[in-house]
Amino acid sequence: MKVEEGKFYFLKDYFFEKMKDSNLSKNKDNGNKRPCYYCFRDKKKEGLLWFIPISSKVDKYQKIYKEKLKKYKQVDTLVFGKVGGEERVFLIQNMFPTIEKYIEEVYVRKSDKVTVTNKLEREIKEKANLVLEIAKKGKKVVFPDIIKMSEILLEEIEIKSFTNNIT
């Protein structure tokens, strides 16, 4: 599968079992796969992908957004926008890294891959990259342990690259 930035994907259960992070949004299958994740590539680490869960609980997160805005004057951990014509919230505060082998499938609706507008894509990526930089400095701005997860995944990428170079 060719993974495309700006598209939405579902992950394999094995990813969550391997990472063992209680702050990850686990797969739920109640007739509909969920959650789905917005994908973008790491700017510096080849093969590392970043996934941002989306939620339909817009009212809940608007309240949280307003509280954070009062307290911090700026909120980069939540982004609101349309997905498939419906209002959703991108939970940057819950984003995490992964690699291609853990992706189960792309999210499609009426046989089309679901996307966002260019403007929304820019906002998501700008805020997500800002939050990533803050997290790399040791500040806890994201719920999952993205530093530990990144180390595990980068090791997998390195092993795969090493193995491919031998054969």
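The values are calculated or read from the model by the stated rules, or taken from the named source; none is laboratory data. Being a predicted model, the structure only gives us computed values, none of them experimental. Cβ: placed from backbone, ideal geometry, glycine included. Neighbour counts: every protein chain shown. Ligands, DNA and RNA are stripped out before the accessible areas are found, and what is left, the full protein with its side chains, is counted by its heavy atoms. Shrake-Rupley method; radii C 1.70, N 1.55, O 1.52, S 1.80 Å.
Over segment 1-140, what percent of the accessible surface lies on carbon and sulfur atoms, probe 1.4 Å? Let's see the in-between values first.
Working: 3950 of 8400 Å².
For segment 1-140, the apolar C and S fraction of the accessible surface comes to 47 percent.
In debye to the nearest 20, how big a dipole does segment 84-167 give about its Cα centre with +1 on each Lys and Arg Cβ and -1 on each Asp and Glu Cβ?
Values: 15 positive and 15 negative charges, 64 e Å.
Here the size comes out at about 300 debye.
Bin all alpha-carbon pair distances of segment 10-167 at 5 Å intervals from 0 and give each bin's fraction as a whole percent.
The distribution over segment 10-167 is 1, 8, 17, 22, 21, 15, 9, 4, 1, 1, 0, 0, given as percents.
Report the label-to-label distance for Lys119 and Glu133 in nanometres (one decimal), using points 7 Å from each Cα along the Cα→Cβ vector.
Label-label distance for Lys119 and Glu133, simple model: 2.4 nm.
Mind scanning Lys2/Lys73; Lys82/Lys136; Lys68/Lys101; Lys20/Lys68 and naming the pairs with a C-alpha gap bigger than 31 Å? List each step's numbers first, then the result.
On the way: Lys2/Lys73 39 Å; Lys82/Lys136 29 Å; Lys68/Lys101 36 Å; Lys20/Lys68 28 Å.
Pairs exceeding the cut-off: Lys2/Lys73; Lys68/Lys101.
Each label point is 7 Å from the Cα along the Cα-to-Cβ direction; what then is the distance between the points at Lys44 and Glu126, in nm?
Distance between label points: 2.2 nm.
Which of Gly138, Leu91, Val75 sits closest to the plus end of the dipole of the chain, meaning its Cα is farthest towards the positive end, when Lys and Arg get +1 and Asp and Glu get -1 on the C-beta?
Val75
Rank-order 84-97, 41-54 by packing density, defined as the average count of other C-beta atoms within 10 Å over each peptide's residues, highest first.
Values: 84-97: 19.2, 41-54: 17.1.
Going from most to least packed, we get 84-97, 41-54.
Which whole-Hz couplings ³J(HN,Hα) result when phi for each residue of segment 78-94 is put into the Karplus expression 6.51 cos²θ - 1.76 cosθ + 1.60, θ = phi - 60°, listed in order with x for Gly and Pro?
Result, ordered by residue: 9, 9, 9, x, 8, 10, x, x, 10, 5, 9, 10, 8, 8, 4, 4, 10 Hz.
Can you give the extra length, in nm with one decimal, that the chain gains between Glu17 and Glu105 once fully stretched, where that is 0.36 nm per residue apart less the Cα-Cα distance?
Working: separation 88, 0.36 × 88 = 31.68 nm, distance 1.78 nm.
Going from the current span to full extension adds 29.9 nm.
What percent does the relative contact order of the chain come to when contacts are Cα pairs within less than 8 Å and at least six residues apart?
Values: 248 pairs, mean separation 43.8, N = 167.
Rounded, it is 26 percent for the chain.
Taking a probe of 1.4 Å, how large is the accessible area per residue of the chain, in Å²? If you can, show how the numbers build up before the last one.
Working: 10340 Å² over 167 residues.
Per-residue value: 62 Å².
What translational diffusion coefficient, in µm²/s and rounded to a whole number, does the Stokes-Einstein relation yield for segment 13-101 at 10 °C and a viscosity of 1.306 mPa s, taking the hydrodynamic radius as the Kirkwood radius over Cα pairs? The partial results should precede the final answer.
On the way: Rh = 14.5 Å.
It diffuses with D of about 110 µm²/s by this estimate.
Per DSSP helix of 4 or more residues, -39500 (n - 2.57); summed, then divided by the residues of the chain. What does that give at 222 nm, rounded to the nearest 500?
Numbers: 4 runs with 62 residues, N = 167.
Calculated at 222 nm, the ellipticity per residue is -12000 deg cm²/dmol.
With charges set only on the Cβ (+1 for Lys and Arg, -1 for Asp and Glu), what does the dipole of the chain come to about its Cα centre, in debye to the nearest 20?
The calculation lands at about 760 debye.
Can you compute the charge dipole magnitude of segment 1-82 about its Cα centre, using +1 on each Lys and Arg Cβ and -1 on each Asp and Glu Cβ, nothing else charged? Give it in debye, rounded to the nearest 20.
That gives segment 1-82 a dipole magnitude of about 340 debye.
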